[in-house]
Amino acid sequence: MSAKPQSVLVIDFGSQVTQLIARRVREAHVYCEIVPFAAAEAAFERMQPKAVILSGSPASVSQEGSPRAPQCVFDSGVPIFGICYGQQTMAAQLGGKVEAGHHREFGRADVAVHAQSLLFDGVWDVGGSYPVWMSHGDRVTRLPEGFAVIATSPNAPNAVAADEKRKYYTTQFHPEVHHTPDGARLLANFLHNIAGIEGDWTMAAYREQAIAAIRKQVGDRRVICGLSGGVDSSVAAVLIHEAVGDQLTCILVDHGLMRANEAAEVVAMFRDHFNIPLVLVEAQDRFIDALEGEADPEVKRKTIGKLFIDVFEEEAQKLGGADFLAQGTLYPDVIESVSLTGGPSVTIKSHHNVGGLPERMNMQLVEPLRELFKDEVRLLGRELGLPDHFVGRHPFPGPGLAIRCPGGVTRDKLHMLQQADAIYLDEIRKAGLYDEIWQAFAVLLPVQTVGVMGDGRTYEYVCALRAVTSVDGMTADFYPYDMDFLGRTATRIINEVRGINRVVYDVTSKPPGTIEWE
């Protein structure tokens, strides 16, 4: 699925919100890929995109060795949109001038429109003032030849500058973020009105392309799918089954770290609703024994990842062998596992096998969702007929309760956490709040406190509750429960879960980063 005639290349210079650019492009029904700047030339030749977008960056153009766009992009004649650092590197590479330390500007600003442009069509009017989100310390002080200023802000005299003849457009602000209210419409104007891209990126089209690609890769050979019970692996499994039928066998490992009754719910859906071959592996003792007493979260993740591979390998042998292992790897997983320079990155998701499989497995990966974001996976799930209550489930990471049990893992602590988590979600659903919240879960803190229950003194654990809201999953804020809800939920947990005598609510906001809170 790499050759797409109506595609956009997003060149990543290291911005923490580059993924949002891709989300906005795809919301306009246009396919795009993000690549690190160091790999951009090869990606440009492979994709032959209809347009290119240059992202922001924490770097300064004035720094020696700072990122640049490949020259082939400018030589190609395709429309280009430069955002923040993207504007600055375009200016520097095309003969303009950028100066460092010019009126640092972070946060809300207002831009004044001075000239009409296709970029503003139906969105902004000449003479109007509009809110945007700035985040820059450098600025362009001389535009390249052919460019003209079409909008300004008090601290950004080149807030929007363009060479309309060459179809080069730049903004000093970030149109991709939620805090620029009209940003998505500006990007859509660039894609449709300026680059002439039709916007035929739909889940129905993706479904057809993905099925054809799976059939081509798999042929008549056997596939096993590591089914976690989450949305991603479930959608991958249903899609692969549609492509190759009973050549697929799903393997659900009940490792004792799932939410209460989760394994039974997944088995019922896949065996009864979809009639997909499924093997349930009861491996609670194996996983919990290996984790017993372990407090280091990274060791927990790696231990769980290794055991998953061991189980998949054993189950494949019982089936007479398998040539492929399918996973629900998403595009954010892929991006987060590649550094800015294309080399080894810091470890973010060590429980995902995004870097490949051990050689001894002698299997190839099938990852039909690796071009999609989370929201797109949900759309594909609905396209495939998965029930809404399942597609809309909150994200739940692979290591499950092990990382929501900070400190040493024990069976008793996991059991307490399962009970508390189930009560919490039950109260959320009863209150009709589940779909308003991006993600909610309980955490059993490695802290014990003295309390009085009835006529006795207790020394038991503290349970923390988290719930976050999000527009796009890149940033999040705590959900503003009322005190009646929190009081009711805390009372149930303390009364019904032996070993917990205190409940607290976590009101920490989530900075830019990955979707899941751990």
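The values are calculated or read from the model by the stated rules, or taken from the named source; none is laboratory data. Fair warning: this is a prediction, and the values are worked out from it, not measured in the lab. Here the Cβ is made from the backbone with ideal geometry for all residues, glycine too, and neighbour counts use every protein chain on show. These area figures cover heavy atoms from the full protein model, side chains too; ligands, DNA and RNA do not enter into them. Shrake-Rupley method; radii C 1.70, N 1.55, O 1.52, S 1.80 Å.
Points worth noting:
- Test item: Cα-centred dipole of the chain, Lys/Arg +1 and Asp/Glu -1 on Cβ, debye: 480 debye
- Degrees between helix 374-383 axis and first principal axis of the chain (Cα, 0 to 90, nearest 10): 70 degrees
- The chain, relative contact order in percent, only Cα pairs under 8 angstrom and at least six apart counted: 11 percent
- The Stokes-Einstein estimate for the stretch 46-104, based on a Kirkwood radius over Cα pairs and taken at 4 °C with 1.567 mPa s viscosity, is a diffusion coefficient of 106 µm²/s.
- Mean residue ellipticity at 222 nm, helices only, the chain: -9500 deg cm²/dmol; runs of at least 4 DSSP H residues each add -39,500 (n - 2.57), and the sum is divided by the number of residues.
- Calculated P(r) tail over 22 Å for the stretch 140-270, as whole % of Cα pairs: 62 percent
- Charge context of Ser129, other residues only, Cβ under 14 angstrom, K/R +1, D/E -1: -2
- Of the GluC sites (Glu not before Pro) found in the stretch 192-285, those that fall in a DSSP loop while having at most 16 other beta-carbon atoms within 10 Å are Glu198.
- Surface per residue (accessible, 1.4 Å probe) for the stretch 126-248, Å²: 38 Å²
- Acute angle (nearest 10 degrees) that the helix 231-244 long axis makes with the longest principal axis of the chain, alpha-carbon atoms: 90 degrees
- Accessible surface, per residue, of the stretch 1-94 when the full set of protein chains is kept, probe 1.4 Å, Å²: 33 Å²
- Rg(Cα) / (2.2 N^0.38 Å) computed for the chain, rounded to two decimals: 1.07
- Taking all protein chains as they are arranged and a probe of 1.4 Å, the heavy atoms of Asp121 leave approximately 90 Å² accessible to solvent.
- Only protein atoms count toward the accessible area here, which uses a 1.4 Å probe; on the chain, the carbon and sulfur part of that area reaches 49 percent.
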